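Here the structure comes first, spelled out in structure tokens, and everything after it is commentary.
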Amino acid sequence: MKAEELIIEAGRTERQYWQDIWRYRELFYFLAWRDILVRYKQTAIGITWALIRPFLTMVVFTVVFGNLAKLPSQGAPYPILVFAAMLPWQFFANSLAACSDSLIANANLISKVYFPRLVVPASAVIVSFVDFLISGIILLGLMAWYNFVPSWRILTMPVFAVIAFAAAMGGGLWLAALNVKYRDFRYIVPFIVQFGLYISPVGFSSSIVPDRWRMLYSLNPMVGVIDGFRWAILGGSAKLHLPGLSLSMALVALLFVSGVWYFRKTERTFADLI
């Protein structure tokens, strides 16, 4: 059988870029699997760290906002309210951190071999998505502990997971490309993640935000994502602010499309700058 050949010529890689992503799918799997294995290598408790970090954050937020501040919990146990938001937020935050450094960490590969560079940050998002799935075990445990039975809305959670994936991918592509040219972003990204945690409705319900400010608050695209997860998981009295959700979803779409556009625009310079 004749071996398949890859011919690189002027304009060809541009025309066949998206087909090349499929052709290089094995590299995609390799990078994702390598990062999963390396992430918790030589740690005493291994992948359990994916459970401990969001669990401890949930405990702190429950004590501060639920027990001390006595904020409303939309009719659900406060730990479940918090963790329903921790799932998409941790996925988004971990994706930004991993993507921003993904091209630099694979500099040797990028500078020597041709392949669609989009594969590198995409594999980083997949690794964060694996952590997201593992963290879901805590949510199931909380539901069992509090005898909390979700409604039919839980069936819509994959839809909001896809939206969270688009937000993580879009933001990750922006930061991955910018970090190649401006290494300041290795210091900026942790600040963005920390600041974003406080301005997103993770430890509290967005229903406490006055109605006149809801649209402005929804300019944070993660507000709609988090509200969607809570609506799907909590059921009952959990309600969606549809105008704010629509605005957040539009911003997620803009973030994803612009992220792909900017990454593709700057991709050809990565090998020189790294």
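The values are calculated or read from the model by the stated rules, or taken from the named source; none is laboratory data. All values derive from a computational prediction rather than experimental measurement. Here the Cβ positions follow ideal geometry from the backbone for every residue, glycine too, while neighbour counts run over all protein chains shown. The accessibility values were calculated without ligands, DNA or RNA, using every heavy atom of the protein model including side chains. Shrake-Rupley method; radii C 1.70, N 1.55, O 1.52, S 1.80 Å.
The Cα center of region 92-150 and the Cα center of region 242-274 differ in position by 17 Å. Accessible surface of the chain, 1.4 Å probe: 67 percent of it comes from carbon and sulfur atoms. Applying a DSSP loop filter and a limit of 12 other Cβ atoms within 10 Å to the trypsin sites (Lys or Arg not before Pro) in region 167-237 leaves ARG183. Loop sites here are GluC sites (Glu not before Pro) outside DSSP states H, G, I, E and B with no more than 16 other Cβ atoms within 10 Å. The longest part of the chain free of them is 10-274. Taking the longest Cα principal axis of the chain as reference, the axis of helix 25-39 is set at about 50 degrees.
Counting charges near LEU234 (Lys, Arg +1; Asp, Glu -1) among other residues having Cβ under 15 Å from its Cβ returns a value of +2. Against the chain, whose longest principal axis is taken from its Cα atoms, helix 119-145 shows a tilt of about 20°. In the chain, helical runs assigned H by DSSP with n ≥ 4 each contribute -39500 (n - 2.57); averaged across all residues and rounded to the nearest 500, the mean residue ellipticity at 222 nm is -22500 deg cm²/dmol. The residues of the chain expose on average 53 square angstrom of accessible surface per residue, using a 1.4 Å probe on protein heavy atoms.
The trypsin sites (Lys or Arg not before Pro) of region 51-134 meeting both criteria, a DSSP state outside H, G, I, E and B (loop) and at most 12 other C-beta atoms within 10 angstrom of the site's C-beta, are LYS70.
Computed on protein heavy atoms with a 1.4 Å probe, the accessible areas place VAL149, VAL193 in the order VAL149, VAL193, largest first. Among the lysines of the chain, pairs that are 8 or more positions apart or on different chains and have alpha carbons within less than 22 Å of each other number 4.
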